[in-house]
1. Return a whole-number percent for the relative contact order of the stretch 65-169, with Cα pairs under 8 Å and 6 or more residues apart as the contact set.
2. May I ask for the Kirkwood hydrodynamic radius of the chain, worked out over all distinct Cα pairs and given in angstroms to one decimal?
3. Just add up the charged neighbours of I374: K/R +1, D/E -1, any other residue whose Cβ is under 13 Å from the Cβ of I374.
4. Which of the residue pairs K143/K173; K151/K205; K111/K205; K173/K280; K94/K202 have a Cα-Cα distance greater than 19 Å in the structure shown?
5. Grab the beta carbon distance between A84 and I40, set R0 = 22 Å, and tell me the FRET efficiency rounded to 0.05.
6. For the stretch 328-423, what is the relative contact order in percent, using Cα pairs closer than 8 Å and at least 6 residues apart in sequence?
7. How about K2: which lysines have a C-alpha closer than 20 Å to its C-alpha, ignoring those fewer than 8 places off in the same chain?
8. Return the ratio Rg/(2.2 N^0.38 Å) for the stretch 245-383, where Rg is computed over Cα atoms only.
Amino acid sequence: MKILIVGSGGREHAIAAAVAKSPKADKIYCAPGNAGIAQIAECVPIGAMEFDKLTAFAKEKSIDLTIVGMDDPLVGGLVDVMEAAGLRVFGPRKNAAILEGSKAFSKDLMKKYKIPTAAYENFDDPQKALTYLETAKMPVVLKADGLALGKGVLICETLEEAKEGVRTIMEDKKFGAAGNRMVIEEFMTGREVSVLSFVDGKTIKIMSSAQDHKRALDGDQGLNTGGMGTFSPSPFYTEEVDALCHKYIYQATVDAMAAEGRPFQGVIFFGLMLTKDGPKVLEYNARFGDPEAQVVLPRMKNDMIDVVEACIDGTLDQIELSFEDNAAVCVILASEGYPVSYEKGFEITGLHNFEDKDGYYCFHAGTAVKNNKIVTNGGRVLGVTAKGATLQEARANAYAATEWVRFDNRYMRHDIGKAIDEA
Ligand code: AMP
Ligand code: GLY
């Protein structure tokens with residue numbers, strides 16, 4: 001089979017690596033890809049939002065299966081455009097990707113179908129939002145409605161801060177059109193867990209759990225980032241939590257989307273908070289998490305192509321997902337200054353250390369080739385992942401492996417997976 005993967009980050013590298021393990025994969029392309037993906041796939045210089053070019057490329061090369069990794073093209077309707085051209089694509093159509101594309105939509109869906117989530121109100125008028133805040137309990141959470149690179153969420157401690165936040169989102173449009181509407185919701189406390197799932201429109205199969213570390217600095221301080229590291233499984237995702245999620249959240253979400261005439265086919269990422277009143281949905285994403293995919297997919301035993309095809313064909317009920325009985329930790333090597341401003345173009349050395357090392361992976365996120373050398377080309381540069389028999393062992397292995405690669409201005413958190421010790 002010929003497979004095309006759309007995207008250019010560490011998540012797409014992890015997807016490409018999983019696909020490459022399948023005996024069914026004869027040739028893998030990635031658009032646009034990166035320097036690491038180029039080692040297992042042919043990268044083509046087409047952007048993820050260039051729908052016509054992607055479709056023409058897939059037709060010309062007779063691609064059998066396209067896997068869309070990123071949120072922007074999914075929310076923008078790439079799957080619809082490619083399907084209309086007769087192509088087979090893995091990922092939700094536009095009318096289902098709205099589960100991630102509009103927080104107001106997803107909140108209304110959860111309310112209508114009684115899926116546990118934080119209490120909230122939607123606003124499209126900043127004046128009404130400001131009035132509502134006068135009587136709201138602090139802290140309060142403000143969310144831009146649309147896609148905002150994971151940065152459109154503000155947690156406000158005081159009324160003043162919250163009012164300023166409404167102005168930032170809805171009037172100054174800090175997150176662009178994503179802030180034309182907003183959600184104001186109750187602040188919840190508890191541990192966060194990421195659960196990824198495969199969905200075929202009716203059936204849902206849950207992958208092994210994971211936990212991200214969103215803040216830039218050790219001790220969960222500093223600004224929100226795309227994710228600084230992950231571990232899988234989460235020891236806090238117990239059998240009891242799993243049972244509650246199955247009862248109230250997973251199938252209920254899939255059924256709700258189908259009932260709304262928006263059958264979801266692809267990956268649903270449940271961002272959960274384990275509150276004292278049980279698990280609640282913080283957010284949905286319509287794709288694999290990044291860097292959750294980097295710790296979940298290397299542990300998956302199934303043939304990735306079989307699972308993806310079952311989602312497209314509506315036969316996921318016949319697949320039994322299984323994961324290795326071990327653990328994995330991913331530490332992101334970033335550029336000093338991320339997520340605000342950072343320099344690029346520094347040579348990366350030591351990448352060869354990962355070759356032929358079982359259980360170790362160096363997923364590329366922001367890299368490029370310049371003068372035949374691999375250089376840094378983004379805020380998040382590499383995702384160093386290692387497996388271990390236990391979470392502790394995986395963490396020790398991952399941190400040891402971070403020493404194998406070097407580049408100027410290299411920055412990482414040193415406490416990825418520290419929470420494991422409290423479990
Ligand atoms: P989201 O993009 O919706 O996942 O929000 C980003 C982060 O903000 C989450 O991972 C949480 O850490 C935090 N957050 C979002 N909603 C809430 C909430 N209702 N209560 C507390 N924290 C929240
Ligand atoms: N790691 C969080 C996300 O992919 O949105």
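1. Numbers: 112 pairs, mean separation 20.7, N = 105.
That works out to 20 percent.
2. Values: mean 1/r = 0.0458 Å⁻¹.
That comes to 21.8 Å for the chain.
3. Numbers: positive: K344, K370, K373, R406; negative: E347.
That works out to +3.
4. Working: K143/K173 12 Å; K151/K205 29 Å; K111/K205 23 Å; K173/K280 29 Å; K94/K202 17 Å.
Beyond 19 Å between Cα atoms: K151/K205; K111/K205; K173/K280.
5. Working: r = 30 Å, r/R0 = 1.34.
With a Förster radius of 22 Å, E is 0.15.
6. Details: 187 pairs, mean separation 38.3, N = 96.
Reported as a whole number, the value is 40 percent.
7. Output for K2: K21, K24, K27, K53, K59, K61.
8. Numbers: Rg = 19.0 Å, N = 139, 2.2 N^0.38 = 14.3 Å.
Ratio of Rg to 2.2 N^0.38 Å for the stretch 245-383: 1.33.
Coordinate-derived values only; no laboratory data. For clarity, every value in this text was computed on a predicted model and none was experimentally measured. Glycine also receives a Cβ, built like all others from the backbone with ideal geometry; neighbour counts cover every protein chain displayed.
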